[in-house]
Amino acid sequence: MLTRRRLVWVAIIVVTAGLLAFGAVRDTGPLTQQDRIDTITKRIACPTCDGESIYVSRASASQSIRAEVARQVGDGVRTDDEVVAYIADRFGGEVLLLPRATGVDALIWVLPVVLTVVLVVALWLAFRRWRLASATTTPVQVASPSQRRRSLAIGVVLTVVVGVAGGALVARQAGQRLPLETFTGGIEDSTASILAQARLAGPSDVKTAIDLYSRVLETDPDNVEALTYRAWLVMLSARQFDEALRAQAFASTVTALGRAIQIDPEYPDAMCFLGIVVYRDGGDAASAKEFVDRCIERDPPVQVRGLIDALATELDAELKP
Amino acid sequence: MKSAKIGTLSVAVVVAAFIAVLLVSDGETGVAVRSPLLGQPAPAIQTTTIDDAPFDLTRRKGSWVVFNFFNSTCVPCIAEHPSLMRFVENEAGQPDSVELYTVINDDADDAVRNFFATNDGDWPKLRDNDGAIAVAFGVAKVPETWIIDPNGFVRLRILGAVADGVLEEQMAKLRATEGS
């Protein structure tokens with residue numbers, strides 16, 4: 001049966017754990033946009049000054065970050081944590097005024113709790129030993145060495161488990177747990193990321209690149225870059241096959257590139273590729289020249305320009321009256 | 001060995017390691033500075049030049065792009081200008097020449113125009129009126145220089161003024177990596 005003193009201890013532990021658990025899951029309810037901006041900017045340190053949040057700092061960098069926070073809150077797409085994660089992804093974890101609750105930063109929250117638990121247990125053991133030693137009337141039952149070792153091991157494991165669990169709870173409650181965080185932090189697998197991976201894959205791994213562009217087009221059917229480069233890779237890979245397949249690829253490529261140009265008439269890459277395809281695979285020099293000239297006017301990137309410089313000369317020679 | 005001695009020794013080792021880390025670690029300045037953006041796709045940037053021409057970073061994929069964050073009153077920015085001029089001259093002969101852009105940081109268009117009219121440099125100057133580009137790249141102080149590869153990945157960050165030949169050297173390394 002539990003003594004009264006032990007009951008008090010159990011009650012204290014249950015209430016503390018309950019309050020921590022409640023605090024960890026509570027929802028503070030909706031805030032105004034300005035409240036959100038203030039809350040977020042108070043969580044971010046000024047990157048160019050010491051000991052100031054961007055909420056109070058007048059530094060130029062702080063003003064830029066505040067403007068970005070206001071813009072993102074105004075857009076209403078990202079949560080507070082996601083906005084903070086965006087800033088931390090750019091400026092590094094040093095701008096977080098509250099250390100993260102994940103990765104190595106979590107040690108800041110966990111270690112004090114572990115140490116506290118270890119110290120409390122050590123004190124309890126010391127008091128218990130003194131009490132037993134001073135109680136001369138009580139017969140002391142001496143444990144065997146193996147029993148002592150087992151008790152010690154169980155005690156150590158329990159202490160560490162309780163300490164780490166408590167520390168994790170404190171970290172969850174007090175630390176920053178930002179979205180999409182891995183051990184080292186990370187940037188979301190966005191459309192930009194998939195497009196960059198597709199660039200990296202093609203043309204050495206055309207199938208992977210085409211799959212990645214298709215993935216982008218599933219969520220963003222009007223993505224001009226994905227439309228253009230998927231069509232271009234389809235045509236390049238079709239050139240090694242028979243006439244029928246090449247004709248099919250030609251038709252779909254011209255349609256896709258035409259759509260890309262319709263969506264963004266200023267995108268030079270689509271015009272250059274259309275010029276190349278129309279001439280090399282369709283044999284239409286006049287149309288090709290028109291597309292190539294329009295592409296050059298729009299200052300294509302170096303790699304694309306490298307593809308059309310020779311073609312432009314060739315077309316001029318062919319179309320010379 | 002007594003447990004007390006082991007404990008003391010452990011504490012001493014930890015303290016010594018801590019002091020060693022503090023002594024060895026240096027500040028974050030210079031070439032190849034860390035950033036969470038390195039190796040990641042470059043942020044989507046859309047703005048205009050001071051000549052009102054539109055600029056979209058995603059449309060520059062296929063070219064090496066160098067962003068130089070600049071303010072006409074910042075002394076290191078002024079100091080590095082001759083190095084940038086030489087870099088652009090050297091790049092002109094390359095088949096995959098770099099596109100250099102100045103990103104204006106907390107400065108007026110006219111001040112930037114005057115600076116370049118006096119000191120030369122005919123590459124495009126991008127507006128960043130609300131600091132969105134600086135925030136997207138995590139730029140707190142100028143000058144800073146970033147290199148983005150033709151696939152759109154951020155490859156290098158240089159904090160502070162660029163010394164003579166540094167950009168050429170870094171580009172040669174990056175091109176070698178790209179080609180391998």
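Values in this text are rule-based calculations from the coordinates and carry no lab data. Computed from a predicted model, the values in this text were never measured in an experiment. Using ideal geometry, Cβ is built from the backbone for each residue, glycine included, and neighbour counts are taken over all protein chains shown.
Brief remarks on what is shown
- Distance between the stretch A:217-253 and the stretch A:267-281 - C-alpha centres, whole angstrom: 12 Å
- C-alpha long axis of helix B:75-91 to longest principal axis of chain B, angle in °: 70 degrees
- Per-residue average of Cβ from other chains inside 10 Å of B:136-145: 4
- Above-threshold pairs, the threshold being 27 Å between Cα atoms, out of A:Lys207/A:Lys289; A:Lys289/B:Lys61; A:Lys207/B:Lys125; A:Lys42/B:Lys125; A:Lys320/B:Lys61: A:Lys207/A:Lys289; A:Lys207/B:Lys125; A:Lys42/B:Lys125; A:Lys320/B:Lys61
- In the elastic network of chain A, a GNM with C-alpha springs shorter than 10 Å, the most mobile of A:Ile308, A:Ile108, A:Ile37 is A:Ile308.
- Helix A:33-42 axis, angle to chain A major axis (alpha carbon atoms, nearest 10°): 70 degrees
- Here the stretch A:21-120 is treated as a Stokes sphere of Kirkwood radius computed over C-alpha pairs; at 25 °C and 0.890 mPa s its diffusion coefficient rounds to 164 µm²/s.
- The aspartates and glutamates within cross-link reach of B:Lys141, meaning a Cα-to-Cα straight distance under 12 Å and a gap of 8 or more places when in the same chain, are B:Asp106.
- You can think of it this way: the chain between A:Trp124 and A:Arg78 has 11.7 nm of extra reach, that is 0.36 nm per residue less the Cα-Cα gap.
- Kirkwood-based Rg to Rh ratio, the protein assembly as shown, C-alpha trace: 1.12
- Each part reduced to its alpha carbon centroid, the stretch A:29-55 and the stretch B:73-138 end up 31 Å apart.
- The label point for B:Val14 and the one for A:Arg259, both projected 7 Å from the Cα toward the Cβ, are 6.2 nm apart.
- Placing a pseudo-label 7 Å from each Cα along the Cα-to-Cβ vector at A:Val8 and B:Ala117 gives an inter-label distance of 8.3 nm.
- Contour excess over end-to-end distance, with Cα ends at A:Val56 and A:Lys320 and 0.36 nm allotted per residue: 88.2 nm
- In this structure the amide hydrogen of B:Leu156, modeled in the peptide plane, comes within under 5 Å of the amide hydrogens of B:Ile147, none closer than 5 places in sequence on its chain.
- Per-selection Kirkwood Rh - chain B (Cα, Å, 1 d.p.): 18.1 Å
- Mean residue ellipticity, 222 nm, helices only, the protein assembly as shown: the sum of -39500 (n - 2.57) across DSSP H runs of n ≥ 4, divided by residue count and rounded to 500, is -19500 deg cm²/dmol.
- Cβ-derived FRET efficiency at R0 41 Å, A:Ala17 paired with A:Arg131, nearest 0.05: 0.90
- Ordering A:Glu243, A:Glu94 from the fewest to the most neighbouring beta carbons within 10 Å gives A:Glu243, A:Glu94.
- Least to most buried among A:Leu236, A:Leu152 (fewest other Cβ within 10 Å first): A:Leu152, A:Leu236
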